[in-house]
Structures are given as C-alpha cells and as structure tokens.
Amino acid sequence: MKNRSIVKIAAVLLLPAVLGGCGVLAAPCRVGSAVIKMVPVVGHAAALPTDACAAVIDP
C-alpha cells in the first residue's frame, strides 16, 4: 500500500512537467532574467545568459 501511494504522489508531482512541456522547466530561467533586468543600467546586458538558458530549454 505504501508503494502505491508513493507512485501516486510522484505522478501528481510530475504531471505539470509532462503537461507543461519545457515551459515549466524554463520558468526559473525566465524569472531570474526578469529579476536581473530590474537592475538599472546593466540589467539587460547581465540578463543575456539567463535569456539564452530559457531559449535553449523552451525554444
């Protein structure tokens, strides 16, 4: 019984990744990029690596 509940919990936790495709996995890169872009003057230049990360994960 315990193994069955663990499988159900794992399925529920993995469901967004399966349904959302790579967008779910690229979210941390996109959020990080948005936060970095708030830095005056150098924000957009400093966010280029995180933008590239998101583009690679979710084209």
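None of the figures in this text is laboratory data; all of them are computed from the coordinates on show. Note that the structure is predicted; figures quoted are calculated from it, not measured.
Pulled fully out, how much extra length does the chain show between N3 and A27, if you take 0.36 nm times their separation in residues and subtract their Cα-Cα distance? Working shown, then result.
Working: separation 24, 0.36 × 24 = 8.64 nm, distance 3.08 nm.
Gain on stretching N3 to A27: 5.6 nm.
What's the extension gain from K37 to A55 if we count 0.36 nm per residue and subtract their Cα-Cα distance? Can you show the working numbers first?
Details: separation 18, 0.36 × 18 = 6.48 nm, distance 1.61 nm.
Gain on extension, K37 to A55, equals 4.9 nm.
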